[in-house]
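The values are calculated or read from the model by the stated rules, or taken from the named source; none is laboratory data. For clarity, every value in this text was computed on a predicted model and none was experimentally measured. Because the Cβ atoms are built from the backbone with ideal geometry, glycine has one as well, and the counts that use them run over all protein chains shown. Keep in mind that these areas ignore ligands, DNA and RNA; they rest on the heavy atoms of the full protein, side chains included. Shrake-Rupley method; radii C 1.70, N 1.55, O 1.52, S 1.80 Å.
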Amino acid sequence: MQIMFSVEPYSVPLVRGISPFFPVFLKYLKAHTESKLFYSSYHPVRCNRVKDYYDNTIRSVSSPFENSMVHPSVLENKEELSREGCNDLLCELCGWGDADNAMSLLARMEAVGFRPNATAYICLITALGNVGRTLEADAILQDMIRLGFKPRLNVYNVLLRCFLRKGLLRVAGKVLEEIDYLGIGRNQETYEILLDYCVHSGRLEDTWTIIGEMGREGFQLNSFVYSKVIRLYRDNGMWKKAMGIVREIKEMGISLDKKIYNSIIDTFGKYGDLGEALEVFEKMQAEGIKPDITTWNLLIKWHCNSGYLDHALELFAKMQEQGLYPDPKIFSMLISRLGEQGKWDIIKKNFENMKCRGHQKSGAIYAVLVDIYGQYGRFQDAEECVNALKAEGIQLSASIFCVLANAYAQQGLCEQTVKVLQLMEAEGIEPNLIMLNVLINAFGISGRHLEALSVYHCIKESGISPDVVTYGTLMKALIRAKKFDEVPVIFKEMESAGCTPDRKAREMLQTALMVIEQRHI
């Protein structure tokens, strides 16, 4: 794991001559880079935005519940709560995912001399971490420590997961150092968090290092670990080894659960063997294992990618019959493919069927996506789009912002993609690596490779470690711009950073090398 957390960002100058709206994004990343998180030995301080938020809120209230904006159901009696009641309410707000009102309540509590208990602190850190507000989560942790609380491992695991989601490997490494320094000891969840990140980011060597350490420490290689190993082999083109893991699991007498079945379906789907994927799907149900949203998403995704839209739509309908509402990412993929074929009547029909099933608030997200992909114009401005979702009472999250940004990116609307990023930061949600990868893709689709390179260099300078998707997306942008000579350079940087190139990356490299060779003939 030392390899994983020792990668230093490259010192590469920014590409100049980019469009007028882009410096706002660069300014944000510059400010992000200057955070003490990246240059201190894991002793972060409260960010100014959190401090100002506290100060303004405290000055504006005289009672912890006067003019409260918390959920009405908990304040029906309008009685002033006790210290214990405040802590219970704070936990309840965090459980709803309402981080804004939880932070407001914390400020009101502090204004009258109340302090959260250990459970409330943990709930708050978790809620902030889940919506990508890592700086605030870390600030709360520091408050907790200063007041004499001793955070347990689950708190550090929350922060570790948050930092890795953003690709902040150096800061994640500091969290691990803190865990070791305090003598807390890593648990199964800690290793699974690390393993999940390494597999998703294409770090083959680091993945095996973590699995080896788990074995030495006596942790069980459960279905979660095996499902990640299957995915790892699959992503590296090792089809037979992936299936060999399945046989090994059976020989060991370990029953195949939902995670492993999903990994098998994903493997067959990626290599175009949809018949086998559907057989596994049927066998899964025959053994009494109910498919979850991930199972349906995988089947729909790979049918879309293989061009079998009719089958994808059938699965889409069956999923809803099972009471599962579609993931916005999968819905985006489906309407994007149908839109490419001009089948907007089918999109309209399916969308109307979705609305009839209820879920009005979630339905607003899908309405926005249909509008963007259909280029109808109502939500061509990102700010109007976000305001419309707010009006429906939808809790905005990093995931929703990423879905919206990707929708604009697929339409080549770079300015709106960047505006989504700005709106995301204005909501107090820090852009993660997924969002920045979407931004690279947006510029790549529009043929603006210099700006795509600028985002890439900013990612590295901000302390974020690019993953296999970052490099692959950038290579695709360079090929679109016919900058074939730069593709091998990015490929080498990918290998140097510890990311294992996937099949697509290797294919793009071969394409670039062939063109370069032909030019020299």
Subject >> Among the candidates Ala442, Ala388, residue that is of a type outside the set (Val, Ile, Thr) and under 18 Å from the mean Cα position of the chain (by Cα) >> reply: Ala442
Subject >> Candidates Ile230, Ile289 - the one that is of a type in the set (Val, Ile, Thr), closer than 28 Å to Pro326 by Cα, open to solvent by less than 40 Å² (accessible area, probe 1.4 Å) and at pLDDT 85 or above >> reply: Ile289
Subject >> Residue within segment 466-473 that is touching a Lys or Arg at 6+ places or on another chain (Cβ under 9 Å) and aliphatic (A, V, I, L, M) present >> reply: yes
Original post:
In segment 486-512, how many are over 20 Å from Asn437 (Cα atoms) and either in contact with a Gly (Cβ under 7 Å, 6 or more places away or on another chain) or open to solvent by less than 70 Å² (accessible area, probe 1.4 Å) (or both)?
Top reply: 2
**OP:** Among residues belonging to segment 260-276 that are in contact with a helix residue (DSSP H, G or I) (Cβ under 7 Å, 6 or more places away or on another chain) and surrounded by fewer than 22 Cβ atoms within 10 Å (Cβ to Cβ), point out the one that is modelled with the lowest pLDDT.
**Re:** Tyr271
Original post:
Restricting attention to segment 453-473, which residues are open to solvent by less than 10 Å² (accessible area, probe 1.4 Å) and out of contact with any Leu (no Cβ under 8 Å at 6 or more places or on another chain)?
Top reply: Lys460, Tyr471
Original post:
Do we have any residue at all in segment 154-167 that's in a loop (DSSP other than H, G, I, E, B) and hydrophobic (A, V, I, L, M, F, W, C)?
Top reply: no
Original post:
Are any of the residues in segment 474-485 open to solvent by 30 Å² or more (accessible area, probe 1.4 Å), farther than 16 Å from Leu369 by Cβ and at pLDDT below 90?
Top reply: no
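Okay, residues lined up against (1) surrounded by fewer than 19 Cβ atoms within 10 Å (Cβ to Cβ); (2) at pLDDT 85 or above; (3) in contact with a Lys or Arg (Cβ under 8 Å, 6 or more places away or on another chain):
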{"site": "Leu159", "(1), (2), (3)": "no, yes, no"}
{"site": "Val175", "(1), (2), (3)": "no, yes, no"}
{"site": "Ile184", "(1), (2), (3)": "yes, yes, yes"}
{"site": "Leu221", "(1), (2), (3)": "yes, no, no"}
Original post:
Taking Ser73, is it at pLDDT 85 or above and over 24 Å from the mean Cα position of the chain (by Cα)?
Top reply: no
Original post:
How about segment 413-428: which of its residues are farther than 23 Å from Asp371 by Cα and open to solvent by less than 10 Å² (accessible area, probe 1.4 Å)?
Top reply: Gly428
Original post:
Could you say which residue among Gly212, Gly237, Gly244 is assigned to a loop (DSSP other than H, G, I, E, B), surrounded by fewer than 17 Cβ atoms within 10 Å (Cβ to Cβ), out of contact with any Cys (no Cβ under 8 Å at 6 or more places or on another chain) and not polar (S, T, N, Q)?
Top reply: Gly237
Subject >> Within segment 303-332, tally of residues that are open to solvent by 50 Å² or more (accessible area, probe 1.4 Å) and among the hydroxyl-bearing types (Ser, Thr, Tyr) >> reply: 2
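Yes/no per residue for (1) buried (at least 22 other Cβ atoms within 10 Å of the Cβ); (2) within 17 Å of Asn432 (Cβ to Cβ); (3) more than 22 Å from the chain's Cα centre (by Cα); (4) small (Gly, Ala, Ser):
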{"residue": "Asp98", "(1), (2), (3), (4)": "no, no, no, no"}
{"residue": "Met103", "(1), (2), (3), (4)": "yes, no, yes, no"}
{"residue": "Ile145", "(1), (2), (3), (4)": "no, no, yes, no"}
{"residue": "Cys162", "(1), (2), (3), (4)": "yes, yes, no, no"}
Subject >> Unique residue being closer than 30 Å to Asn101 by Cα and of a type in the set (Asp, Glu) when the list is Glu461, Glu383 >> reply: Glu383
